[in-house]
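A short worksheet on the structure shown next.
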Amino acid sequence: MTARNMMLLAAFGSLALLAGAFFFQALGYAPCKLCLWQRWPHAAAIAVGGLVLILGPLALLAIAGALSALTTSGIGIYHTGVERGWWE
């Protein structure tokens, strides 16, 4: 698999996760503040994927995609800790 395809696959994964979040919101599940925060890095990853389509796989885009994945992962870990009562 080429670097371009891997980057596009990662962007598609973020698109699928964000689409799922909007689907559940349409079903009436209101997102909490942390749920909304987690959406922004996925949107950034989708934008990076769009740039990969236009410009090709650049190292700077790979770093930006990795940082967006790391950011949403960090928010997700914090979010699950709040939901499970590990911290406030």
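The values are calculated or read from the model by the stated rules, or taken from the named source; none is laboratory data. All values derive from a computational prediction rather than experimental measurement. So basically every Cβ, Gly included, is an ideal-geometry build from the backbone, and we count neighbours across all protein chains shown. When the accessible area is computed, the model is the full protein with side chains, heavy atoms only, and any ligands, DNA or RNA have been set aside. Shrake-Rupley method; radii C 1.70, N 1.55, O 1.52, S 1.80 Å.
Where only DSSP H runs of four or more residues are counted, the chain gives -29000 deg cm²/dmol as its mean residue ellipticity at 222 nm, each run worth -39500 (n - 2.57). Our summary gives the chain a relative contact order of 36 percent, counting only alpha carbon pairs under 8 angstrom and 6 or more residues apart. Subtracting the Cα-Cα distance of Gln25 and Trp40 from their residue separation scaled by 0.36 nm leaves 3.8 nm. Couplings 3J(HN,Hα) for the stretch 55-67, derived from phi with the Karplus relation 6.51 cos²θ - 1.76 cosθ + 1.60 (θ = phi - 60°), are 9, x, x, 10, 4, 5, 5, 4, 5, 4, x, 5, 5 Hz, where x marks Gly and Pro. A simple rule links phi to the HN-Hα coupling: the Karplus curve 6.51 cos²θ - 1.76 cosθ + 1.60 with θ = phi - 60°, which for the stretch 25-38 gives 5, 5, 6, x, 7, 6, x, 7, 4, 5, 4, 5, 4, 5 Hz, with x for Gly and Pro. Given R0 = 30 Å, the distance between the Cβ atoms of Glu83 and Ile63 translates into a calculated FRET efficiency of 0.50. For the stretch 12-67, the solvent-accessible area works out to 66 Å² per residue, with a probe of 1.4 Å and every protein chain left in place. Three principal axis extents of the stretch 14-88 based on alpha-carbon atoms, in descending order, are 42, 28, 13 Å. In this simple spin-label model, placing a label point 7 Å from the Cα along the Cα-to-Cβ direction at both Cys32 and Ile54 gives a separation of 3.6 nm.
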